[in-house]
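Below you'll find the structure, written out as structure tokens, and then a few comments.
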């Protein structure tokens, strides 16, 4: 099953259970269930956005969008992270209100619906688990469902306490603890999305290692104007200038450079080869970030681009 199909299946499951929670909350008089249904509504919206952006991202590139619509999934992940962040804050505020105004809860019905929710969320997480590690958009949806799962576990714990002791304050207390976990996940998703949009170096790649791999290619005596960024989940790009002594070195140097970048997981490399007649290896060590981004002037040099 394709990632978009799995997301669609999870969307249908989540929407169906949201209706169950609304009905259950109205019948039992449980504010907790109605509040969780509101949580599910934000998840339905987030999942719908994820499905839409993932399908749009598959549209081909054109003359105006040479990378196509790949970044749409990053924008969706950013929005998902913002919604998760706001949701966790809302849960804390709502829990503080309930601590001062505890509401009666029918524990048995509450526990039954929470148990059904737990099963639904486990199925949804199983569907999304494989794609959540390498697709930022799917990870946003995965984190939403994880929040639902934690909510179901917390609801079961709270329902069990209510049934056994009648202490209804267990519900808001558990909600606060769960919201803190959601907050951590939301912050991580926001940070990763913003890093991609700012074209920051991926966290698992070190610039000194990229530069070192290029300098280790036989024939390359200098490296400058080096950049590495993420286009979208799983698509890492780089560009840079390498200096060689002779024109005949171009094909071999380009092939070896692309092989070196591929070994780091960089699949889209644009390398400009420059010729310097008195080229000697540079032993001054790695470039500083300022030097990497600086566009050096090279008069009367040959240039070659390769993708």
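Fewest first, what order do 142, 69 take by the number of other Cβ atoms within 10 Å?
Details: 142 25, 69 19.
So the ranking, lowest neighbour count to highest, is 69, 142.
Simple spin-label estimate for residue 177 and residue 163 gives 1.8 nm between the two label positions (7 Å along the Cα-to-Cβ direction from each Cα).
Computed FRET efficiency, Cβ-Cβ of residue 208 and residue 64, R0 30 Å: what is it to the nearest 0.05?
0.25
The stretch between residue 239 and residue 9 holds 78.9 nm of extra length on full extension. This uses 0.36 nm per residue minus the Cα-Cα distance. Cβ-Cβ distance of residue 108 and residue 41, R₀ of 30 Å, FRET efficiency by 1/(1 + (r/R0)^6): the value works out to about 0.75. For the pair residue 23 and residue 200, the difference between a 0.36 nm per residue extended length and the Cα-Cα distance amounts to 59.1 nm.
Set the Förster radius R0 to 41 Å, insert the Cβ-Cβ distance between residue 97 and residue 263 as r into 1/(1 + (r/R0)^6), and round the FRET efficiency to 0.05. The partial results should precede the final answer.
Working: r = 55 Å, r/R0 = 1.35.
For R0 = 41 Å, the calculated efficiency reads 0.15.
Residue separation of residue 75 and residue 276 scaled by 0.36 nm, minus their Cα-Cα distance, works out to 68.1 nm of gained length. Under the shape rule built on the C-alpha gyration tensor, where the axes satisfy a ≥ b ≥ c, segment 3-197 is prolate, since a/c reaches at least 1.5 and a/b is greater than b/c.
Shown for 7, 189: other C-beta atoms within 10 Å of each C-beta, ranked fewest to most, produce the order 189, 7.
Since every read-out is calculated from the coordinates, none of them should be taken as a lab result. Just so you know, these numbers come straight off a predicted model, no measurement behind them. Note: ideal-geometry Cβ built from the backbone for every residue, glycine included; neighbour counts use all protein chains shown.
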